[in-house]
1. For segment 372-478, give me every one of the helices (runs of 4 or more DSSP H) that falls completely inside it and has 2 or more residues that are within 29 Å of residue 58 (Cβ to Cβ).
2. Does segment 191-229 hold any residues that are within 17 Å of residue 257 (Cα to Cα), open to solvent by less than 60 Å² (accessible area, probe 1.4 Å) and out of contact with any Pro (no Cβ under 7 Å at 6 or more places or on another chain), and which are they?
3. Could you please let me know if residue 215 is at positive phi and part of a loop (DSSP other than H, G, I, E, B)?
4. Restricting the search to segment 141-169, which residues are open to solvent by 10 Å² or more (accessible area, probe 1.4 Å) and not in a loop (DSSP other than H, G, I, E, B)?
5. If I go through segment 50-79 residue by residue, how many of them are farther than 18 Å from residue 310 by Cβ and either among the charged types (D, E, K, R) or touching a strand residue (DSSP E or B) at 6+ places or on another chain (Cβ under 6 Å) (or both)?
6. Out of all the residues in segment 344-366, which are among the basic types (Lys, Arg) and modelled with pLDDT under 95?
7. Is there any pair linking a residue in segment 9-36 that is surrounded by 20 or more Cβ atoms within 10 Å (Cβ to Cβ) to one that is of a type in the set (Lys, Arg), with Cβ under 7 Å and at least six apart or on different chains, and which?
Amino acid sequence: MAKYIFVTGGVTSSLGKGIIAASLAKLLQSRGLKVTIQKFDPYINVDPGTLNPYEHGECYVTDDGAETDLDLGHYERFLNIPTSQANNVTTGRIYQTVINKEREGEYLGKTVQVVPHITDEIKRRMLLLGQNGDYDIVITEIGGTVGDIESLPFVEAVRQIQWELPEEDCLVVHLTLIPYLKAAQELKTKPTQHSVRMLSQEGVHPDIIVCRTEHPLTDELKRKVALFCNVKPGAVIEAMDASTIYEVPLKMLQEGLDIITLKQLHINGYAAPDLTKWRGFLSKLNSPKTKIKIGLIGKYIELQDAYKSILESFIHAGAMNQCKVQIVNVHSEFITEENVAEKFKDLDGLLVAPGFGSRGVEGKISSVKYARENNMPFFGICLGMQMAVIEYARNVIGWKDAHSTEMNTATPYPVIALMDEQKKIRKKGGTMRLGAYACEIVEGSLAHKIYGSTMISERHRHRWEFNNAYLGDFENAGLIPSGKNPEKGLVEIVELKNHPFFIGVQYHPELKSTVENPHPLFVNFVNAAKSYAEWKVGQPAEKLQKQAI
Ligand code: GLN
């Protein structure tokens, strides 16, 4: 049987519960324990797949095709082990299960209620991953902030689990904020006291309090928090703002979060933490030798969470290359044929981002054209790959009206079209091509050089697809389909022969990049951008300008 750690949050949202949970998991893992993390989200959507990125940031997809919260991305990037549908549960999913059971008559005439039926289902799912011996510890992050109406059943489920399990098998970590009042020049503990009181009123008492703060906490202040919030003196942990999220595990190690956790869970005989790889990554990250600028062409750039995994993948790949990757966000809606050269003149590579719908697609197409014509490293992901195909059809083959039927159903050249199996689908939730699929890579291609393998597996999230009716035309015109799904022949990778680095992928490589395994596509793209940046230095400004025009 596993032991369970619950992570709740108070005072305000965006304190970084996911990062604290992932950091604690990393430390426990580094001491030889088998750990997984799951997230329980209090909203009513069955999963975040139907949410606009502006609402909820990126939708993270697991190998088994679950559309999940972006915190699962952090869990995978930190722990270097895959998560699954079981690792992300929403109120919607809980209710859906209970209501389906009720319709099947499983409650035998009983009145179905929040307590015990909803809370029983929450508990069942909270304990699930710990029951088959795969893990020593299951960490559960409870989304939202204590005091929210929506999170009440989750907190109640934690209360019941705390009551049911032996004391040493269950632990609650509460993350709060210690604000600094500039006028008073003081750190304030009152919001933390209130937040712990609120949690206690809901029946759950925290064992450890982690305090987010912009200034160091004195021992005296920590003692005050411990006394007023009724936790052991060593159980108040300072979480100072860090320069990168990847420093947080080391800060938590310094603060002893793992030791106090192990002590309270009565786990003895643990190993010293082995963080060699992690520290190696950080030291490379903190000592870049070069710097490049990558244009991120997207339509959700106002909200950085919308491209979370892409941004993190660049951090991993940058460290691997000992290169600082500066991301320049470029709003695709405002890119035109006329201004593209000016906008991109300082960049060393372009990443055209995933997306849905027609807003900003013409700007993405102009961006691809610029990268193709100027030998600038290009990396297209999902919609970005589709835009590369459309650009090639329009400007190289000469099919001016070529498009994706997602944006124009009447195009005479539907080079990107809906997959047959998608045509009958009406429901939006969970119905895309989702999760891991195999891809066979052509030997000798750029993709082959990058992956060093002819068979890979990557995660997908899309409905539209390269239209194989035009495959021959594209091949004759020089666009190489260098990766295909072996069962269905769907084109997964396209690249160009006479270009230093031009690659579009239908899948989402950013979902598989981790600290310990940076994704080879990102690593090679950053490397290509480095070469481009070096090449640029030797070029006279007028030449670059002319080339751009
Ligand atoms: N909108 C495109 C499709 O559904 C691309 C999706 C994406 O970029 N994730 O096929």
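The values are calculated or read from the model by the stated rules, or taken from the named source; none is laboratory data. This structure is a prediction, so every number in the text was calculated from the model and none was measured. All Cβ positions, even for glycine, are placed from backbone atoms using ideal geometry, and neighbour counts span all protein chains on display. Calculation scope for accessible area: heavy atoms of the full protein, side chains included, ligands and nucleic acids excluded. Shrake-Rupley method; radii C 1.70, N 1.55, O 1.52, S 1.80 Å.
1. Working: elements: 383-392, 420-423, 446-451, 471-476.
Because the criterion is at least 2 residues that are within 29 Å of residue 58 (Cβ to Cβ), the helices (runs of 4 or more DSSP H) in segment 372-478 that meet it are 383-392, 420-423, 446-451.
2. Scanning segment 191-229 gives 206, 207, 208, 209, 210, 211, 213, 217, 222, 225.
3. Numbers: at positive phi: no; part of a loop (DSSP other than H, G, I, E, B): yes.
No.
4. Applying the first criterion (open to solvent by 10 Å² or more (accessible area, probe 1.4 Å)) to segment 141-169 yields 144-150, 152-153, 156, 159-160, 162-169.
Once the filter is applied, which keeps residues that are open to solvent by 10 Å² or more (accessible area, probe 1.4 Å) and not in a loop (DSSP other than H, G, I, E, B), segment 141-169 yields 152, 153, 156, 159, 160, 162, 163, 164, 167, 168, 169.
5. 4
6. As a first pass, look at segment 344-366 and keep what is among the basic types (Lys, Arg): 345, 359, 364.
Those that are among the basic types (Lys, Arg) and modelled with pLDDT under 95: 345, 359.
7. These pairs meet every condition: 9/17; 16/212.
Table: residues versus (1) over 23 Å from residue 508 (Cβ atoms); (2) more than 26 Å from the chain's Cα centre (by Cα).
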residue: 340; (1), (2): yes, yes
residue: 344; (1), (2): yes, yes
residue: 358; (1), (2): no, no
residue: 380; (1), (2): no, no
residue: 387; (1), (2): no, no
residue: 390; (1), (2): no, yes
residue: 397; (1), (2): yes, yes
residue: 404; (1), (2): no, yes
